[in-house]
Amino acid sequence: MEMIFKGIIPPVITPLINNVTLDIKGLEKLIEHLISGGVHGLFMLGTTGEATSLSYELRKELIKRTSELVNHRIPVVVGITDTSLEGSLKIAEYTAEMGLDGVVIAPPYYLPISQEEMREYLEIIVPKLSLPFLMYDMPGCTKIHMSVATIRKAKELGAIGVKDSSGDMNYLYSLIQEFKDSPNFSVIAGTELFLPETILHGGHGAVAGGANLFPKLFVDLYNASLEHNFEEIAVLRNKVILINDLIYNVGKNNSKYIKGIKCALSVMGICNDYVAWPIRQYGKEERKRIENNMQELIEIIN
């Protein structure tokens with residue numbers, strides 16, 4: 001099987017008008033913005049996509065609209081993480097019905113589980129999936145940092161890759177080392193600043209939130225890393241660091257990453273900046289800071 005999960009795969013934000021209404025025009029603009037920027041795939045309904053704050057009906061509408069808009073131009077994978085097995089399977093089945101390319105599994109959140117319990121969970125859910133699946137390690141949200149042995153078990157069950165959002169570079173390197181002789185298994189960084197190291201050490205790409213804003217920048221950084229062009233890597237990484245400083249760190253709340261990206265996209269005229277409850281979008285003062293910062297970023301990056 002050809003590796004379908006590699007390169008720059010943005011964790012796509014979910015454009016919203018309100019808590020129950022999708023910003024359809026915004027979604028279309030965003031998808032075209034990403035595809036024209038050269039991204040290699042899309043990850044819908046991840047953490048950045050606010051999946052766990054959305055109703056099943058809204059998640060399904062997003063999946064359907066995305067399928068129609070992308071129309072098989074690039075691979076699309078969908079997060080199915082839920083507190084219940086049935087909830088995950090419901091979204092997985094609909095993803096398959098809509099003709100998308102894969103699903104992404106993170107551990108069920110809220111209740112803490114052990115590595116053994118996670119492996120047993122995979123033994124139950126995987127045979128019920130009709131699409132390829134990837135693992136998603138997100139300990140900050142799930143209360144479990146999946147071990148390399150757990151990811152190995154997932155691969156034995158058919159996983160085609162893993163997205164590591166632990167922020168632990170040693171763990172990322174351990175994954176790359178573990179699966180270096182598995183050409184069809186992707187190791188993807190969820191920490192976008194780790195992209196060059198991921199590629200240089202034998203990994204396969206990044207799920208980069210900043211690619212929602214500047215997709216070509218991250219594609220260029222990916223290509224420079226493939227080419228071992230260290231001078232270009234240094235220039236592009238400095239631009240990525242600016243996104244972190246000027247967009248992700250406006251305000252005080254831990255939700256500022258999602259709010260920052262959505263606000264910046266609205267400043268760009270791409271989509272609405274509404275954020276699903278319980279998170280709230282920026283007020284006037286923070287939005288003005290984003291407007292000023294985006295003007296600076298656009299001049300530097302473009």
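The values are calculated or read from the model by the stated rules, or taken from the named source; none is laboratory data. The structure presented is a predicted model; accordingly, all values stated were derived computationally and were not measured. Glycine gets a Cβ as well: all are built from the backbone with ideal geometry, and neighbour counts include every protein chain shown.
Beta carbons closer than 8 Å, at least 6 apart along the sequence or on distinct chains, pair a first residue in segment 201-226 that is in contact (Cβ under 8 Å) with a residue 40 or more places away in the chain with a second that is crowded, with 23+ Cβ neighbours inside 10 Å and of a type in the set (Lys, Arg) for Val207/Lys163.
If Leu111 satisfies every condition in (1) over 30 Å from Glu68 (Cβ atoms); (2) touching a residue at least 12 places away in the same chain (Cβ under 8 Å); (3) part of a helix (DSSP H, G or I) but one, which is the exception? Failing condition for Leu111: (3). Only residues that are outside any loop (DSSP other than H, G, I, E, B), loosely packed, with under 15 Cβ neighbours inside 10 Å and of a type in the set (Lys, Arg) were counted across segment 240-263, and they come to 0.
Examine segment 287-300 for a residue that is buried (at least 19 other Cβ atoms within 10 Å of the Cβ), of a type outside the set (Gly, Ala, Ser) and more than 25 Å from Val219 (Cβ to Cβ), and state whether such a residue exists. No; the residues of segment 287-300 include none that is buried (at least 19 other Cβ atoms within 10 Å of the Cβ), of a type outside the set (Gly, Ala, Ser) and more than 25 Å from Val219 (Cβ to Cβ). The residues of segment 1-13 that are at pLDDT 95 or above and of a type in the set (A, V, I, L, M, F, W, C), listed by number, are Ile8, Ile9, Val12, Ile13.
For segment 81-127, the set of residues classified as among the polar types (S, T, N, Q) and closer than 15 Å to Tyr56 by Cα consists of Thr81, Thr83, Ser84, Ser88, Thr95, listed by residue number. A search for C-beta distances below 8 Å between a residue of segment 244-273 that is within 15 Å of Leu27 (Cα to Cα) and any residue that is of a type in the set (Ser, Thr, Tyr) and assigned to a helix (DSSP H, G or I), counting only pairs 6+ apart in sequence or on different chains, returns Ile261/Tyr248; Asn272/Ser266; Asp273/Ser266. Within the option set Ser182, Ser174, Ser165, being closer than 28 Å to Lys128 by Cβ, more than 14 Å from the chain's Cα centre (by Cα) and of a type in the set (S, T, N, Q) holds for one residue only, Ser182. Scanning segment 205-236 for residues being under 16 Å from Ser186 (Cβ atoms) and surrounded by fewer than 21 Cβ atoms within 10 Å (Cβ to Cβ) gives a total of 1.
Residues in segment 119-151 that are of a type in the set (Lys, Arg) and buried (at least 17 other Cβ atoms within 10 Å of the Cβ): 1 in all. Scanning segment 1-60 for residues that are surrounded by 24 or more Cβ atoms within 10 Å (Cβ to Cβ) and in contact with an Asp or Glu (Cβ under 6 Å, 6 or more places away or on another chain) gives Thr14, Pro15, Leu16. Looking across Asp164, Asp168, one residue alone is modelled with pLDDT of 95 or more, more than 19 Å from Glu123 (Cα to Cα), crowded, with 22+ Cβ neighbours inside 10 Å and among the charged types (D, E, K, R). It is Asp164. One residue stands out among those in segment 101-121 that are within 21 Å of Gly190 (Cα to Cα) and of a type in the set (A, V, I, L, M): the one that is nearest to the chain's Cα centre (by Cα), which is Val104. Of the residues making up segment 43-86, those that are touching a Ser or Thr at 6+ places or on another chain (Cβ under 9 Å) and either part of a loop (DSSP other than H, G, I, E, B) or over 22 Å from Asp23 (Cβ atoms) (or both) are Leu45, Gly46, Thr47, Thr48, Gly49, Glu50, Leu54, Ile80, Thr81, Asp82, Thr83.
Per the conditions (1) small (Gly, Ala, Ser); (2) part of a helix (DSSP H, G or I); (3) surrounded by fewer than 21 Cβ atoms within 10 Å (Cβ to Cβ), the sole criterion not satisfied by Gly269 is (2).
One residue stands out among those in segment 14-42 that are part of a loop (DSSP other than H, G, I, E, B) and among the polar types (S, T, N, Q): the one that is modelled with the lowest pLDDT, which is Asn19.
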